[in-house]
Amino acid sequence: MFNNLRDPRTGRRIGGDWKKSIPPLLVSAGLLAFLLTQVDRAKIWATLRQADPSLFIAALTISLAATTMLASDRWRVLLHSLGVPMGLVEVIKVEWGAAPIKFFVPLKIGEVLKVLYVNRVHGEGFERVLGTKLVDKYLVLIGLFGPMGVGAALAGIGWGVALAGGLFVGMLALLLATPLHGLAIRVASLMHKRVGLLAERVLASLAALPTSRKLYLVAHATAFNLLIVVYLGLCLASMGVRPPAADMLFYFPLIQLIALLPVTVSGIGARETAVVYFFAKYGSDAALFNAGLLMTFSNQMLMPLVGLSCVTFLVRALMKKPVAESPDAGAV
(Lines give C-alpha, C1' and ligand atoms only; values in the text may rest on other atoms or scores of the structure.)
Protein backbone atom coordinates (compact mmCIF):
# COMPACT_ATOMS: atom_id res chain seq x y z
CA MET A 1 0.00 0.00 0.00
CA PHE A 2 2.83 2.40 0.89
CA ASN A 3 5.45 1.33 -1.64
CA ASN A 4 5.56 4.82 -3.17
CA LEU A 5 5.73 6.68 0.15
CA ARG A 6 9.13 7.50 1.60
CA ASP A 7 10.29 9.26 4.73
CA PRO A 8 11.57 12.69 3.55
CA ARG A 9 14.26 12.61 6.24
CA THR A 10 15.89 9.32 5.22
CA GLY A 11 14.44 8.51 1.79
CA ARG A 12 13.52 5.05 3.09
CA ARG A 13 10.25 3.40 2.13
CA ILE A 14 7.49 3.73 4.73
CA GLY A 15 7.10 0.43 6.49
CA GLY A 16 10.49 0.00 8.07
CA ASP A 17 11.85 -3.30 9.26
CA TRP A 18 8.93 -5.57 10.17
CA LYS A 19 11.24 -7.71 12.29
CA LYS A 20 11.27 -4.92 14.87
CA SER A 21 7.60 -5.64 15.60
CA ILE A 22 8.27 -9.20 16.76
CA PRO A 23 9.80 -8.47 20.22
CA PRO A 24 6.89 -6.20 21.33
CA LEU A 25 4.40 -8.85 20.19
CA LEU A 26 6.21 -11.49 22.22
CA VAL A 27 6.39 -9.26 25.31
CA SER A 28 2.66 -8.43 25.13
CA ALA A 29 1.73 -12.09 24.65
CA GLY A 30 4.06 -13.13 27.48
CA LEU A 31 2.63 -10.62 29.96
CA LEU A 32 -0.97 -11.61 29.17
CA ALA A 33 -0.08 -15.30 29.45
CA PHE A 34 1.58 -14.67 32.82
CA LEU A 35 -1.47 -12.80 34.13
CA LEU A 36 -3.76 -15.61 33.03
CA THR A 37 -1.69 -18.07 35.05
CA GLN A 38 -2.14 -15.89 38.14
CA VAL A 39 -5.88 -15.27 37.82
CA ASP A 40 -8.71 -17.75 38.31
CA ARG A 41 -10.22 -18.01 34.81
CA ALA A 42 -13.62 -18.99 36.18
CA LYS A 43 -13.67 -15.74 38.16
CA ILE A 44 -12.80 -13.79 35.02
CA TRP A 45 -15.99 -14.98 33.31
CA ALA A 46 -18.04 -14.56 36.48
CA THR A 47 -16.84 -10.95 36.86
CA LEU A 48 -17.65 -10.21 33.22
CA ARG A 49 -21.19 -11.54 33.66
CA GLN A 50 -21.68 -9.24 36.66
CA ALA A 51 -20.23 -6.15 34.95
CA ASP A 52 -22.35 -3.00 34.72
CA PRO A 53 -23.02 -2.41 30.98
CA SER A 54 -24.04 1.23 31.50
CA LEU A 55 -20.65 2.08 33.05
CA PHE A 56 -18.95 0.09 30.29
CA ILE A 57 -20.72 2.17 27.61
CA ALA A 58 -19.94 5.40 29.47
CA ALA A 59 -16.24 4.47 29.58
CA LEU A 60 -16.20 3.78 25.84
CA THR A 61 -17.97 7.08 25.11
CA ILE A 62 -15.59 9.15 27.22
CA SER A 63 -12.54 7.38 25.79
CA LEU A 64 -13.64 8.03 22.23
CA ALA A 65 -14.55 11.65 23.02
CA ALA A 66 -11.17 12.29 24.63
CA THR A 67 -9.11 10.67 21.89
CA THR A 68 -11.22 12.16 19.10
CA MET A 69 -12.19 15.66 20.17
CA LEU A 70 -9.59 16.81 22.70
CA ALA A 71 -6.50 15.11 21.26
CA SER A 72 -7.38 16.15 17.70
CA ASP A 73 -8.14 19.72 18.75
CA ARG A 74 -4.77 20.00 20.51
CA TRP A 75 -2.91 19.01 17.34
CA ARG A 76 -5.12 21.37 15.31
CA VAL A 77 -4.04 24.28 17.53
CA LEU A 78 -0.38 23.33 17.09
CA LEU A 79 -0.79 23.10 13.31
CA HIS A 80 -2.46 26.51 13.22
CA SER A 81 0.66 27.93 14.89
CA LEU A 82 2.51 26.90 11.70
CA GLY A 83 -0.14 28.49 9.51
CA VAL A 84 -1.70 25.15 8.46
CA PRO A 85 -5.45 25.87 8.13
CA MET A 86 -6.75 22.42 9.01
CA GLY A 87 -10.21 22.29 10.56
CA LEU A 88 -11.15 19.97 13.40
CA VAL A 89 -13.08 17.58 11.13
CA GLU A 90 -10.11 17.17 8.79
CA VAL A 91 -7.74 16.54 11.71
CA ILE A 92 -10.13 13.95 13.16
CA LYS A 93 -10.32 12.14 9.80
CA VAL A 94 -6.52 12.01 9.62
CA GLU A 95 -6.27 10.74 13.21
CA TRP A 96 -8.97 8.14 12.62
CA GLY A 97 -7.51 7.01 9.30
CA ALA A 98 -4.08 6.46 10.82
CA ALA A 99 -5.42 4.70 13.95
CA PRO A 100 -5.94 1.22 12.38
CA ILE A 101 -2.49 1.37 10.75
CA LYS A 102 -0.91 2.55 14.00
CA PHE A 103 -2.52 -0.33 15.92
CA PHE A 104 -2.07 -3.21 13.50
CA VAL A 105 1.49 -2.22 12.55
CA PRO A 106 3.40 -2.02 15.85
CA LEU A 107 5.88 0.58 14.61
CA LYS A 108 5.61 4.39 14.32
CA ILE A 109 4.16 4.24 10.80
CA GLY A 110 0.80 5.63 11.88
CA GLU A 111 2.38 8.79 13.30
CA VAL A 112 4.61 9.23 10.24
CA LEU A 113 1.57 8.97 7.95
CA LYS A 114 -0.18 11.78 9.82
CA VAL A 115 2.86 14.00 9.37
CA LEU A 116 3.15 13.00 5.71
CA TYR A 117 -0.50 13.90 5.13
CA VAL A 118 0.05 17.50 6.26
CA ASN A 119 3.33 17.63 4.33
CA ARG A 120 1.83 16.37 1.05
CA VAL A 121 -1.68 17.85 1.20
CA HIS A 122 -0.93 21.24 2.78
CA GLY A 123 2.67 21.73 1.64
CA GLU A 124 4.07 22.23 5.14
CA GLY A 125 7.65 21.13 5.86
CA PHE A 126 7.95 17.57 7.17
CA GLU A 127 10.29 18.52 10.04
CA ARG A 128 8.02 21.34 11.18
CA VAL A 129 4.94 19.11 11.23
CA LEU A 130 6.90 16.38 12.99
CA GLY A 131 7.81 19.00 15.59
CA THR A 132 4.12 19.61 16.35
CA LYS A 133 3.61 15.90 17.00
CA LEU A 134 6.59 15.79 19.34
CA VAL A 135 5.36 18.90 21.16
CA ASP A 136 1.95 17.24 21.50
CA LYS A 137 3.56 14.26 23.26
CA TYR A 138 5.48 16.66 25.51
CA LEU A 139 2.27 18.47 26.46
CA VAL A 140 0.53 15.19 27.31
CA LEU A 141 3.39 14.32 29.68
CA ILE A 142 3.11 17.68 31.44
CA GLY A 143 -0.63 17.11 31.71
CA LEU A 144 0.03 13.76 33.40
CA PHE A 145 2.22 15.08 36.20
CA GLY A 146 -0.25 17.73 37.38
CA PRO A 147 -3.00 15.24 38.35
CA MET A 148 -0.33 12.87 39.67
CA GLY A 149 0.92 15.52 42.11
CA VAL A 150 -2.61 16.32 43.28
CA GLY A 151 -3.35 12.63 43.82
CA ALA A 152 -0.11 12.16 45.75
CA ALA A 153 -0.94 15.14 47.99
CA LEU A 154 -4.46 13.85 48.70
CA ALA A 155 -3.11 10.36 49.46
CA GLY A 156 -0.29 11.68 51.63
CA ILE A 157 2.48 10.23 49.45
CA GLY A 158 5.34 12.64 50.06
CA TRP A 159 7.77 11.23 47.52
CA GLY A 160 5.02 11.26 44.92
CA VAL A 161 4.38 14.97 45.50
CA ALA A 162 8.11 15.72 45.18
CA LEU A 163 8.50 13.60 42.03
CA ALA A 164 5.37 14.79 40.20
CA GLY A 165 5.81 18.40 41.32
CA GLY A 166 9.45 18.46 40.27
CA LEU A 167 8.72 17.00 36.85
CA PHE A 168 5.74 19.29 36.28
CA VAL A 169 7.62 22.47 37.29
CA GLY A 170 10.76 21.47 35.38
CA MET A 171 8.91 20.62 32.16
CA LEU A 172 6.73 23.73 32.45
CA ALA A 173 9.81 25.92 32.95
CA LEU A 174 11.43 24.38 29.88
CA LEU A 175 8.22 25.02 27.95
CA LEU A 176 8.03 28.69 28.93
CA ALA A 177 11.68 29.75 29.31
CA THR A 178 13.23 29.92 25.84
CA PRO A 179 16.75 30.72 27.21
CA LEU A 180 16.83 27.24 28.77
CA HIS A 181 16.40 25.56 25.38
CA GLY A 182 20.04 25.77 24.36
CA LEU A 183 21.19 24.21 27.63
CA ALA A 184 18.60 21.44 27.34
CA ILE A 185 19.73 20.60 23.80
CA ARG A 186 23.39 20.42 24.90
CA VAL A 187 22.55 18.13 27.82
CA ALA A 188 20.42 15.90 25.57
CA SER A 189 23.23 15.72 22.99
CA LEU A 190 25.63 14.50 25.68
CA MET A 191 23.25 11.58 26.30
CA HIS A 192 23.07 10.64 22.61
CA LYS A 193 23.22 12.45 19.27
CA ARG A 194 19.70 11.31 18.32
CA VAL A 195 18.35 12.47 21.69
CA GLY A 196 19.89 15.86 21.03
CA LEU A 197 18.28 16.09 17.59
CA LEU A 198 14.92 15.09 19.08
CA ALA A 199 15.23 17.79 21.76
CA GLU A 200 16.17 20.35 19.13
CA ARG A 201 13.05 19.58 17.05
CA VAL A 202 10.74 19.79 20.05
CA LEU A 203 12.21 22.97 21.48
CA ALA A 204 12.36 24.70 18.09
CA SER A 205 8.64 24.08 17.68
CA LEU A 206 7.96 25.28 21.22
CA ALA A 207 9.86 28.52 20.61
CA ALA A 208 7.41 29.46 17.84
CA LEU A 209 4.45 29.45 20.26
CA PRO A 210 3.46 32.54 22.28
CA THR A 211 3.36 32.11 26.06
CA SER A 212 -0.43 32.44 26.23
CA ARG A 213 -0.84 29.65 23.68
CA LYS A 214 1.60 27.42 25.61
CA LEU A 215 -0.35 27.87 28.85
CA TYR A 216 -3.62 27.19 27.03
CA LEU A 217 -2.20 23.95 25.61
CA VAL A 218 -0.94 22.84 29.05
CA ALA A 219 -4.44 23.39 30.46
CA HIS A 220 -5.87 21.59 27.43
CA ALA A 221 -3.59 18.56 27.98
CA THR A 222 -4.38 18.52 31.71
CA ALA A 223 -8.12 18.50 31.00
CA PHE A 224 -7.54 15.64 28.53
CA ASN A 225 -5.76 13.58 31.19
CA LEU A 226 -8.38 14.34 33.84
CA LEU A 227 -11.05 13.08 31.46
CA ILE A 228 -9.02 9.90 31.01
CA VAL A 229 -8.88 9.52 34.82
CA VAL A 230 -12.70 9.60 34.81
CA TYR A 231 -12.69 6.95 32.10
CA LEU A 232 -10.28 4.83 34.19
CA GLY A 233 -12.64 5.11 37.15
CA LEU A 234 -15.57 3.99 35.00
CA CYS A 235 -13.60 1.00 33.70
CA LEU A 236 -12.84 -0.06 37.27
CA ALA A 237 -16.36 0.68 38.55
CA SER A 238 -17.93 -1.37 35.75
CA MET A 239 -16.13 -4.38 37.25
CA GLY A 240 -17.14 -3.51 40.81
CA VAL A 241 -13.81 -1.89 41.78
CA ARG A 242 -14.05 1.61 43.32
CA PRO A 243 -10.70 2.97 44.53
CA PRO A 244 -10.44 6.50 46.01
CA ALA A 245 -10.08 9.39 43.58
CA ALA A 246 -6.65 10.19 45.05
CA ASP A 247 -5.31 6.77 44.08
CA MET A 248 -6.70 7.05 40.56
CA LEU A 249 -5.12 10.50 40.11
CA PHE A 250 -1.77 9.21 41.36
CA TYR A 251 -1.59 5.80 39.72
CA PHE A 252 -3.15 6.66 36.36
CA PRO A 253 -0.06 8.57 35.15
CA LEU A 254 2.15 5.65 36.23
CA ILE A 255 -0.06 3.22 34.29
CA GLN A 256 0.08 5.48 31.22
CA LEU A 257 3.86 5.84 31.40
CA ILE A 258 4.29 2.06 31.73
CA ALA A 259 1.97 1.49 28.76
CA LEU A 260 3.96 4.02 26.69
CA LEU A 261 7.21 2.09 27.07
CA PRO A 262 8.15 0.78 23.58
CA VAL A 263 8.43 -2.84 24.72
CA THR A 264 4.85 -3.97 24.02
CA VAL A 265 2.24 -3.55 21.29
CA SER A 266 0.23 -0.43 22.18
CA GLY A 267 0.77 -1.14 25.88
CA ILE A 268 -1.14 -4.45 25.76
CA GLY A 269 -0.08 -6.67 28.62
CA ALA A 270 1.81 -3.89 30.41
CA ARG A 271 -1.40 -1.90 31.03
CA GLU A 272 -3.27 -4.88 32.47
CA THR A 273 -0.32 -5.85 34.67
CA ALA A 274 -0.05 -2.31 36.05
CA VAL A 275 -3.78 -2.11 36.82
CA VAL A 276 -3.70 -5.43 38.69
CA TYR A 277 -0.62 -4.37 40.67
CA PHE A 278 -1.55 -0.80 41.63
CA PHE A 279 -5.18 -1.45 42.58
CA ALA A 280 -4.75 -4.92 44.14
CA LYS A 281 -6.14 -3.86 47.54
CA TYR A 282 -9.41 -2.62 46.05
CA GLY A 283 -10.60 -5.64 44.06
CA SER A 284 -9.95 -9.19 42.94
CA ASP A 285 -7.31 -10.00 40.36
CA ALA A 286 -10.05 -11.17 37.98
CA ALA A 287 -11.99 -7.89 38.24
CA LEU A 288 -8.81 -5.82 37.81
CA PHE A 289 -7.67 -7.94 34.87
CA ASN A 290 -11.02 -7.37 33.16
CA ALA A 291 -10.84 -3.63 33.88
CA GLY A 292 -7.39 -3.55 32.31
CA LEU A 293 -8.70 -5.34 29.22
CA LEU A 294 -11.57 -2.86 29.00
CA MET A 295 -9.03 -0.02 29.18
CA THR A 296 -7.03 -1.60 26.37
CA PHE A 297 -10.13 -2.08 24.22
CA SER A 298 -11.51 1.42 24.74
CA ASN A 299 -8.12 3.16 24.65
CA GLN A 300 -6.36 1.20 21.90
CA MET A 301 -8.88 -0.85 19.88
CA LEU A 302 -12.06 1.24 19.74
CA MET A 303 -10.53 4.12 17.79
CA PRO A 304 -8.87 1.82 15.21
CA LEU A 305 -12.22 0.11 14.65
CA VAL A 306 -13.99 3.46 14.19
CA GLY A 307 -11.05 4.68 12.12
CA LEU A 308 -11.56 1.99 9.49
CA SER A 309 -14.14 4.35 8.00
CA CYS A 310 -11.40 6.93 7.29
CA VAL A 311 -8.52 4.74 6.10
CA THR A 312 -9.52 5.21 2.45
CA PHE A 313 -9.60 9.01 2.91
CA LEU A 314 -6.05 9.02 4.30
CA VAL A 315 -4.59 6.58 1.78
CA ARG A 316 -6.11 8.39 -1.23
CA ALA A 317 -4.74 11.71 0.01
CA LEU A 318 -1.27 10.25 0.46
CA MET A 319 -1.28 8.72 -3.01
CA LYS A 320 -2.06 12.01 -4.75
CA LYS A 321 0.65 14.24 -6.15
CA PRO A 322 2.04 16.26 -3.22
CA VAL A 323 1.40 20.00 -2.98
CA ALA A 324 4.53 22.12 -3.33
CA GLU A 325 5.92 23.15 0.04
CA SER A 326 5.37 26.74 1.11
CA PRO A 327 8.42 29.06 0.89
CA ASP A 328 8.94 29.02 4.67
CA ALA A 329 8.17 25.31 5.11
CA GLY A 330 11.76 24.48 5.80
CA ALA A 331 12.17 27.18 8.41
CA VAL A 332 11.87 26.29 12.05
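The values are calculated or read from the model by the stated rules, or taken from the named source; none is laboratory data. The shown structure was predicted, so the numbers you read here are calculated from the model rather than taken from an experiment. Note: ideal-geometry Cβ built from the backbone for every residue, glycine included; neighbour counts use all protein chains shown.
Exactly one of (1) modelled with pLDDT under 90; (2) surrounded by 18 or more Cβ atoms within 10 Å (Cβ to Cβ); (3) not hydrophobic (A, V, I, L, M, F, W, C) is unmet by Thr222. Its number?
Going through (1) modelled with pLDDT under 90; (2) surrounded by 18 or more Cβ atoms within 10 Å (Cβ to Cβ); (3) not hydrophobic (A, V, I, L, M, F, W, C) one by one, Thr222 breaks only (1).
Would you check if there is a residue in region 176-187 being crowded, with 16+ Cβ neighbours inside 10 Å, without any contact (Cβ under 8 Å) to a residue 12 or more places away in the chain and outside any loop (DSSP other than H, G, I, E, B)?
no
Out of the residues in region 31-81 meeting the condition of being in contact (Cβ under 8 Å) with a residue 60 or more places away in the chain, of a type in the set (A, V, I, L, M, F, W, C) and in contact with a His (Cβ under 9 Å, 6 or more places away or on another chain), tell me which one is farthest from Ala286 (Cα to Cα).
Applying the filter and picking the extreme gives Val77.
Being farther than 23 Å from Pro304 by Cβ and surrounded by fewer than 18 Cβ atoms within 10 Å (Cβ to Cβ) is the filter here, so list the residues in region 45-65 that pass it.
Trp45, Ala46, Arg49, Gln50, Asp52, Ser54
With respect to the numbered conditions (1) surrounded by fewer than 22 Cβ atoms within 10 Å (Cβ to Cβ); (2) touching a residue at least 12 places away in the same chain (Cβ under 8 Å); (3) in a helix (DSSP H, G or I), which one is the sole condition not fulfilled by Lys137?
(2)
Which condition from (1) touching a residue at least 60 places away in the same chain (Cβ under 8 Å); (2) farther than 18 Å from Ser81 by Cα; (3) among the charged types (D, E, K, R) is the one that Glu127 breaks?
(2)
Quick check on Val161: is it in a helix (DSSP H, G or I), free of Cβ contacts under 8 Å to residues at least 24 places away in the same chain and within 30 Å of Val276 (Cβ to Cβ)?
When the stated conditions are applied, Val161 passes them.
Any idea which of Gly83, Gly97 is in contact with a Cys (Cβ under 7 Å, 6 or more places away or on another chain) and either assigned to a loop (DSSP other than H, G, I, E, B) or crowded, with 18+ Cβ neighbours inside 10 Å (or both)?
Matching residue, one of Gly83, Gly97: Gly97.
Are any of the residues in region 39-46 closer than 23 Å to Ala274 by Cβ and touching a Leu at 6+ places or on another chain (Cβ under 9 Å)?
Looking for residues that are closer than 23 Å to Ala274 by Cβ and touching a Leu at 6+ places or on another chain (Cβ under 9 Å), one finds at least one in region 39-46, hence yes.
May I ask you to say which residue of Gly30, Gly16 is at pLDDT below 80 and not hydroxyl-bearing (Ser, Thr, Tyr)?
Step by step, each of Gly30, Gly16 is checked, and only Gly16 is at pLDDT below 80 and not hydroxyl-bearing (Ser, Thr, Tyr).
Which residue, of Met295, Met319, Met303, is over 29 Å from Ala42 (Cβ atoms) and touching an Asp or Glu at 6+ places or on another chain (Cβ under 9 Å)?
Met303
Looking at Tyr117, Tyr138 in this structure, which one is of a type in the set (Phe, Trp, Tyr) and at pLDDT below 90?
Tyr138 is the lone residue from the list that is of a type in the set (Phe, Trp, Tyr) and at pLDDT below 90.
Within the set of pairs 6+ apart or on separate chains, which have a first residue in region 189-203 that is within 13 Å of Asp136 (Cα to Cα), a second that is of a type in the set (A, V, I, L, M, F, W, C) and not in a helix (DSSP H, G or I), and C-beta atoms under 9 Å apart?
Arg201/Val332
Do we have any residue at all in region 63-70 that's more than 16 Å from the chain's Cα centre (by Cα) and not aromatic (Phe, Trp, Tyr)?
no
Take residues that are basic (Lys, Arg), out of contact with any Lys or Arg (no Cβ under 6 Å at 6 or more places or on another chain) and surrounded by fewer than 16 Cβ atoms within 10 Å (Cβ to Cβ) and tell me which of the helices (runs of 4 or more DSSP H) falling wholly in region 227-332 contain 1 or more.
311-319
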